[in-house]
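Everything below concerns the one structure shown next.
The values are calculated or read from the model by the stated rules, or taken from the named source; none is laboratory data. On a predicted model such as this, the values are computed, not experimentally measured, just so you know. Cβ placement follows ideal geometry from the backbone for every residue including glycine, while neighbour counts extend to all protein chains displayed.
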Amino acid sequence: MPIENSAVQAGGAAPARRLRRLRATTSLATLSLAVFGVPAVGVLLPTSAMAANECGSVVNGTNGSGDVVSCGNQTAQNSGITYSQNGSQTDAFTLVLNGTQVQQGVKITNSSNAGGTVEFQTNAVPSAPPVSITNGKSFNGDAAVDINTAGTNAAVTILHNSGSITGGGGTLGFHDGIQVRTSGSNAPISVSTGQGTSVSATTGSGIKLRATGGAGITVNADGSVTSTYSALGVPLGYGIDARASGGNGSVIVNVTENGSVSGTLGGIRGDAAGTGNVTITTAEGRTVTATSALLGTAIRGETVNGNVDIETGDGSITSGGLAGISGEATGTGSVFIETGRGSAASSSAIGTAISGQSKTGTVEIDVGREATVSGGLYGVRASASGAGIVDISTGRDSSVSALGTAVHGDSNGGAVDIDIGRGSAVSAGLFGVVGTSTGSGSVDITTHRGSTIEATGPLGVGIAATVTNGTATVETRGDITDGLTGIVASALGSGNVDVTVHRQSDITTDLTGVAASSLGSGTISVSVAGDITTTAALGTGISATSLGGTGNINVDTWRSSEINTAGDGISALITNAGSAGTTAIVARGDIETTGANSAGIRATSNGTGEVRVSTTRSADITGAGNGVVATGLKISLYNDGDISTGQTEYLVRAGAGNAELWNDYNGDINTGGLTSKLVIDNTGGTGSLTIYNSGQIYGTLALNDANNAFHNSSFESWHTSGLNTFGSGDNLLENSGAIVAGEDGDTTFDFGGGVDVFTNTGLFFSQGLTTTPGLETFIATGGGIVMQYPNSLANDVVDMSSADYNNTGTAWLYVDAEVGPAGSVSDTLKIGSISGGGVTYVGVNDLYTGPGIYNPTGIGVVDVLNPGSANAGDFVLAGGPISKGLWNYDMFLDSDGDTACGGNDCFVLASYANASAYNLSEFGGIAQGIWNTTSESWIDRAGDLRTSAQQSTTDPTKKSGLWGRLIGNGADRSTETTITPFADQSVKIGTGYNQTLWGFQAGFDHEFEGTVADGVLVAGVLGGYVTSKANFDNGDSVRFSGPQVGIYASWVKGGLYVDGLVKGDFLNADYNVAGVDAGTDATTIGVRVESGYRFLTSTGMFIEPNASLAYANTKIDDVNLSGTQVNFDNGDGLEGKLGARFGGTVLKDGVKYDPYLSVGIVGDLLSDHSVFLDSGPGLVVDDNAPDVFGEVGAGINIFSSKSGWTGFAKADLRFGDDYVGGTGKIGANWAW
């Protein structure tokens, strides 16, 4: 491009915030273009100031106007061009080659007290051919273009807008392409190269500029500037080497839109040794290279107290062996480095791609969007040796890589801020991102979504942040993959450490995901919402360590996080015994560990501060090692999530401050479903442990010798098998929920020494053998012990032989039992003694499928070791006796020394005959009652005959008769029988029933007058049918029904009579007893005799005292009912009766009416009804029926002498203890 535009283009490549600086640096170049942009003839005439003329005529100007040499388009000047300016310091000198070819260079000099500004231009005439300047004027180090001024105002301007300038040759070396030196305080240097030009050197630098008097330097390179100079393999040449010293001179180097720069030692070097600034910019797509793979620096800017500002344009490339870009301020100055979008900066394996260094000033490095940075030891390094601020940022989708550390920022007391942009890729062999600051300086490292950090070497660390007394803050939203550790954050003094891993950030590493540490009083805070995966055998997800410090540790994981490690998931450690710092861990996400001795969470404090570990309902901790290991003076543990590991879920090492473990409603502490594995262990500490369980716990306890307590309120249950140890302290096990023991084998709760109490207001489930050695008191009130299980045998045992079973109210015991014969088994509760006076209700699940059997010895259920403390009624059957056929099984206390519990006092399930059995014993009495009731119906017929015979009111010719009667009876018996199966333990059995009877009898008799002892004898036969049903109080029933036959006779002489009857009842007994419907035969045969005397009064009334005696024998066929053979005894009955009848006679219309009343007393003189129950040892059951009754009745006989018909009706009421019954009869007789 034309050189007139080069400065503008350089400025155009810079962002807006840099334009102010660029405009200031291009002012001299712009001024020169204003002079030399016109034809040569417009220049003023020369003066005599020039000492020699080797090119063309000197056009001398007056003092202050300037001398001009315009060479024109001349042939080659093989001996070079030399001008020495000796005029006034106000004179200017301008040399224009206009296409002249120079082989020995151009040299312009002036002295300190002579000569003004110097301007050199290769072409002022556009039509002139390109110039070519080679070598130096002499062999003493001259450049191809060599300008030296010493005047105060001897500024130098070079406009290279055509051809090439090549330095080299000579024997001493250091022959630059362009070399300018000024020493005046107002003698700035300005060099511009145009499009298509070149400046190069083989034995020096392309452009070497020195302003030693405090003036500034400006370079605008729109052409090629190179140096290939090396000596003995050592790189020595710069493309552009601009240095200002001695005041406030600044250095500005702009590589514009067509420029390129390269050198062996460096591409561009800009130094300002005073207070001046250094500004270096490259336009879009420009390349700056240092070719030395060992020592080369592509762009280097250095100041003392001024600022270094380096900016590379979009798509530009900077590369060097030692550094791609380097900025340094050794005094109070700051360093600003910015790479454009898509630019590239690189170094060799030992170098740094981008380096910024200051002392107390700011170092700011911005890696542009989509830029690529690759280094050796460092990719990007920003360092402040004093308290300067360090700020590093990488643009979106950029890439920074290094063999050592990709991004490094450090300050000696200032803040370090590193920002890894969205989508940025950071990769390194050792460290991805490092930030360090001493003193009170802070470090803040942030990675954004989509970014990646990789440090894949075996010792690789993704992010390392180190402070002394400031705060180390690391916040990630991108992924980290490393060989050793993902994030290391440390405070070496009193500083805080704060690490946040957001849910978008996943960390994968060999050893440690996050390692946070402090040596002082600062707080460590780690918050992880992303995933952490470690692969090494000792790998740790999160490690937070206070090494000798006094600060707190806070670790939080969130529900979106997942930690997978071979070692510990979370490890927190306070080493200082004098630290009062607290440790607080809240795990909301999943943790899985695979190492044999790993822990999901390990929290340890050697100090006095509390250790708190919480796992929420969203957390799931699983693995081959331990769940939570907590060590400290005081420990508080909370779980509302799932913890399931291969070893122990909670290892608690509490000091004198003791420990608490809360397992909340959703909490599941589970040893992989194995209830026999150790789940909670505090034996490594001296303090007590108090456990509050509202969730679910699987496994055993190992508790130390302190006073430990376990409060279980969960019906999700504590499931345990194997050995639980409580140590020698005073221990409390309180269950208001459910404890399930024995799912994986026998269970022991070893309470050791001390005074131990097991309070059970919930349910205590037990399978197999459960023992509680060392337990002093079991408080049973309000709770239950359950040994009933599906498919379980009746051989479970809860052995609390050392404990007093205390129940002041109500408790429950549930057992499986074979409710059967002697020798049957039951689940057993063994206790030492009983106190409290309460009642324990025993629920029995009967496993015996056979019928009930008489077992008076019983089946041991509760074994009481110490005699004398148990009382009948301490244990009773829930819901009352168990009825099995004819037997009831109930709970009794057997304390006679020969018990089912081996001689101890024993609560047994023993059987006795129940109401159904006693109902069977009443069958005989009921059958005889039917016989007696229907026999009395015949007695009423005999009374008719006596009346007729005594009063002679009937037709004497009618000696024979037919009769028939209907009988109805209802009775209610409300008796009960009391038995005493065991001493002082009686059972009342209801033996009552209500009965109804219906019957019909008919007979034929004949009167034989005067044939027997001068009396009247009437004899006859009868037959009938009867049915009677008894409904027993317990719901059983029996119905007797069948025919009756008999013969009878009645002898009457005057008022005296004797009646006799022989009758047989042949009945079927259909019964429903003990739930069984069946039938048998019942036969009753008996004889009845009654005698009395009727006294007639003068008024027609009569009084008839009487007495009767009836004997009957009943035989009922034996039955087998519900597995019990029932043998009915052939029952004999002898009923005696004393009574009287009172009546009179009324005649009306040929009909005689004899109404009467009767009274009597009845006694069963031979009550002998029983059954033998052939079951077990066998049992005779007797019917203890009422045997004395009173009786009242009323009746009427009606005689019709004309028709031969008579009729009667009678009602009787029998009553006695627990018995009342009434009978009604109505009948008729026809005589002929």
Exercise for the section: Mind listing whichever residues of segment 242-254 are at pLDDT 95 or above and in contact with an Asp or Glu (Cβ under 8 Å, 6 or more places away or on another chain)? Expected result: Ala242, Arg243, Ala244, Val251
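So if I check each of Ala371, Ala406, Ala382, which one is touching a Phe, Trp or Tyr at 6+ places or on another chain (Cβ under 8 Å), crowded, with 22+ Cβ neighbours inside 10 Å and small (Gly, Ala, Ser)?
Ala406
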Problem - segment 801-849: number of residues that are among the charged types (D, E, K, R) and in a strand (DSSP E or B) - result: 4
Handout entry: Qualifying residue in segment 639-660 (condition: touching a residue at least 40 places away in the same chain (Cβ under 8 Å), of a type in the set (Val, Ile, Thr) and closer than 21 Å to Glu610 by Cβ)
Key = yes
Problem - Subset tally (residues that are without any contact (Cβ under 8 Å) to a residue 60 or more places away in the chain, part of a strand (DSSP E or B) and either of a type in the set (Val, Ile, Thr) or over 18 Å from Gly249 (Cβ atoms) (or both)) for segment 302-326 - result: 11
Completion exercise
Those residues of segment 582-611 which are among the small types (Gly, Ala, Ser), assigned to a loop (DSSP other than H, G, I, E, B) and surrounded by fewer than 24 Cβ atoms within 10 Å (Cβ to Cβ) amount to Gly595, Ala596, Gly607
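Please state which one of Ser614, Ser571 is part of a strand (DSSP E or B), outside the structural domain of Ile480 (by TED's automatic domain parsing) and in contact with a Leu (Cβ under 9 Å, 6 or more places away or on another chain).
On the way: Ser571 fails: in contact with a Leu (Cβ under 9 Å, 6 or more places away or on another chain).
Result of the check over Ser614, Ser571: Ser614.
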Practice task
Answer yes or no as to whether Pro773 is surrounded by fewer than 17 Cβ atoms within 10 Å (Cβ to Cβ) and either under 33 Å from the mean Cα position of the chain (by Cα) or among the β-branched types (Val, Ile, Thr) (or both).
Solution key: no
Practice task
Report whether or not Ser398 is without any contact (Cβ under 8 Å) to a residue 40 or more places away in the chain, small (Gly, Ala, Ser) and out of contact with any Lys or Arg (no Cβ under 9 Å at 6 or more places or on another chain).
Solution key: no
Fill in the blank from the handout: All conditions in (1) among the β-branched types (Val, Ile, Thr); (2) in contact (Cβ under 8 Å) with a residue 40 or more places away in the chain; (3) closer than 23 Å to Ala702 by Cβ are true of Ile585 except (2)
Problem - Selection within segment 758-800 - acidic (Asp, Glu) and either part of a loop (DSSP other than H, G, I, E, B) or on the phi > 0 side of the Ramachandran plot (or both) - result: Glu776, Asp796
Completion exercise
(1) farther than 17 Å from Ile591 by Cβ; (2) surrounded by fewer than 21 Cβ atoms within 10 Å (Cβ to Cβ) all hold for Gly495 apart from (2)
Problem - strands (runs of 3 or more DSSP E) enclosed by segment 364-446 - at least 1 residues per element that are over 41 Å from the mean Cα position of the chain (by Cα) and not assigned by TED's automatic domain parsing to the domain that holds Asn305 - result: 372-375, 378-384, 390-394, 399-402, 405-411
Handout entry: Set Ser1050, Ser1122: member being under 60 Å from the mean Cα position of the chain (by Cα), in the same structural domain as Trp998 (by TED's automatic domain parsing) and touching a residue at least 40 places away in the same chain (Cβ under 8 Å)
Key = Ser1122
Exercise for the section: Can you give me the number of residues within segment 520-540 that are of a type outside the set (Ser, Thr, Tyr) and crowded, with 21+ Cβ neighbours inside 10 Å? Expected result: 8
Practice task
Among the candidates Gly687, Gly699, Gly695, single out the residue that is out of contact with any Ser or Thr (no Cβ under 8 Å at 6 or more places or on another chain) and over 18 Å from Asp568 (Cα atoms).
Solution key: Gly687
Exercise for the section: Working carefully through the options Gly929, Gly879, find the one that is of a type outside the set (Phe, Trp, Tyr) and not in a loop (DSSP other than H, G, I, E, B). Expected result: Gly929
Handout entry: Criterion: among the small types (Gly, Ala, Ser), modelled with pLDDT of 90 or more and not in a loop (DSSP other than H, G, I, E, B) - qualifying residue of Ala706, Ala659, Ala654
Key = Ala659
Handout entry: Qualifying position, being at pLDDT below 95, touching a His at 6+ places or on another chain (Cβ under 9 Å) and of a type outside the set (D, E, K, R), among Gly1143, Gly1150, Gly1133, Gly1163
Key = Gly1133
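Quick one: in segment 327-357, which of the residues that are assigned to a strand (DSSP E or B), over 52 Å from the mean Cα position of the chain (by Cα) and without any contact (Cβ under 8 Å) to a residue 40 or more places away in the chain is surrounded by the fewest Cβ atoms within 10 Å (Cβ to Cβ)?
Selected residue: Glu328.
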Practice task
Just give me the residues in segment 688-703 being more than 20 Å from Gly737 (Cα to Cα) and either at pLDDT below 90 or assigned to a strand (DSSP E or B) (or both), in sequence order.
Solution key: Ala702
